[in-house]
Amino acid sequence: MHELSVCEGMVQLLEEQAEVQGFERVKALWVEIGRFSCIEVEALRFSFESVARDSIAEGALLHIEQVPGQAECSECKASFEVEERYAQCPECGSFRLHILCGDELRIKELEVI
Amino acid sequence: MCTYCGCGEPDSHDHHHHGHHSHEHASDENTRHIKIEMDILSRNNAFAAANRDYFEQQGILALNLVSSPGSGKTTLLIKTIESLGLPVAVIEGDQQTSLDAERIRQTGVPVQQINTGKGCHLDAHMVGHSVEALAPAAPGVLFIENVGNLVCPAAFDLGEAHKVVILSVTEGEDKPLKYPDMFHASDLMIINKTDLLPHVDFDVSRCIEYARRINPDIEVLQLSATTGDGLDGWLGWIREQAADTVETSQQAAG
């Protein structure tokens, strides 16, 4: 739902990085989107294209790596993949899980000129 | 030629399965790769951290109230302001109108309205500017009434001490399972409009069980803002948190 403001944040970060790292244009970027990050990948692609227009990232290729949810059971310490936040430990049935992966919303790498 | 990215390769290559570094044809000689590992919300988080530092130094307890539209947040806020007995300031977030801010203003406490327009949540930058304009009493309590939305406000830290999620019994008891991120991010769940329980099909204990599946440590209070039933528990919770906030700020000041 807030993919648009997430994309605005991305373009701002890219513009800051352009000054710090001294580049003119972003040709491609690799981002990690976790399962629990509340982001719809298709909506993000759509928003990015329009937000990036007239910026240093206009036309940049957006590579999205989706990160599945990983959790560790706080009771029995088993670790496993989870589809939802309210998953149950497959070993002991506890709902007390510590989410290890899936909250990511991160730019990993850029290809720049 | 691929019309998707204009890269000159045949159309058959699959853009949806580019893994890390798999887009070899994009690496022409003039480009370079930079690893940055930056959190996309880092800008918001930096503003949130600045807000949190300010609140902690000043001894201001900031509470971020989140819920669906129509849960009774504004009515609860008005009843709370009337009975709390502590200095209060309010930031009101809505997409449009200042109707809620007007209702709050009538209680006599300082209030700042933020209209987010098309935005579906408040962010830490907006809140920081509102705090400057509001100059809330310190020590005191700052209520931030977020946009009525159980999805997006979960992802945006405003610098608050706690998110408080309000759920009314006229909504489904399964909301914690349907909107897990918000219940995961909140420290307290208020079940509001309990005076309507005899008229609706809402299983309170099941609702609490669902919320604790998502967040085993979430505290729960039940009340009716309209009748005032259960309000004391909420007021007590706020006073306790406010006292802790003041103590922490005094310790930090030495």
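General remarks:
- Some residue of segment A:60-67 being under 17 Å from B:ASP39 (Cα atoms) and more than 11 Å from chain B (Cβ to nearest Cβ): yes
- Among the conditions (1) open to solvent by less than 50 Å² (accessible area, probe 1.4 Å); (2) in a helix (DSSP H, G or I), B:LEU61 misses just one, which is (2).
- Test: residue in segment A:65-79 that is crowded, with 18+ Cβ neighbours inside 10 Å, in contact with a helix residue (DSSP H, G or I) (Cβ under 9 Å, 6 or more places away or on another chain), closer than 25 Å to B:HIS121 by Cβ and not small (Gly, Ala, Ser): no
- Identity of the residue in segment A:74-95, part of a loop (DSSP other than H, G, I, E, B), under 15 Å from A:PHE36 (Cα atoms) and not aromatic (Phe, Trp, Tyr), that ends up farthest from the other protein chains (Cβ to nearest Cβ): A:GLU83
- Answer residue from segment B:205-242, given it is within 14 Å of chain A (Cβ to nearest Cβ) and assigned to a loop (DSSP other than H, G, I, E, B) and is modelled with the highest pLDDT among those: B:ILE218
- Yes/no for A:GLU42 being open to solvent by 40 Å² or more (accessible area, probe 1.4 Å) and within 30 Å of B:LEU150 (Cβ to Cβ): yes
- Of all residues making up segment B:207-240, the number that are under 24 Å from A:ALA71 (Cα atoms) and not aromatic (Phe, Trp, Tyr): 12
- Residue list for segment B:156-173, filter: farther than 21 Å from B:GLN241 by Cα and in a loop (DSSP other than H, G, I, E, B): B:PHE156, B:VAL169, B:THR170, B:GLU171, B:GLY172, B:GLU173
- Within segment B:118-154, considering residues that are within 13 Å of another protein chain (Cβ to nearest Cβ) and open to solvent by 30 Å² or more (accessible area, probe 1.4 Å), the one nearest to B:ILE190 (Cα to Cα): B:VAL151
- Neighbours by Cβ (under 9 Å, 6+ apart or cross-chain): first from segment B:67-90, touching a residue at least 12 places away in the same chain (Cβ under 8 Å); second hydroxyl-bearing (Ser, Thr, Tyr) and assigned to a helix (DSSP H, G or I): B:VAL88/B:THR80
- Any chance B:PHE202 is open to solvent by less than 30 Å² (accessible area, probe 1.4 Å), within 14 Å of chain A (Cβ to nearest Cβ) and either of a type outside the set (Lys, Arg) or under 21 Å from B:PRO153 (Cα atoms) (or both): no
The values are calculated or read from the model by the stated rules, or taken from the named source; none is laboratory data. Keep in mind that what you see is a predicted model, and the values were worked out from it rather than measured. Every residue, glycine among them, receives a Cβ derived from its backbone with ideal geometry; neighbour counts consider all protein chains shown. Keep in mind that these areas ignore ligands, DNA and RNA; they rest on the heavy atoms of the full protein, side chains included. Shrake-Rupley method; radii C 1.70, N 1.55, O 1.52, S 1.80 Å.
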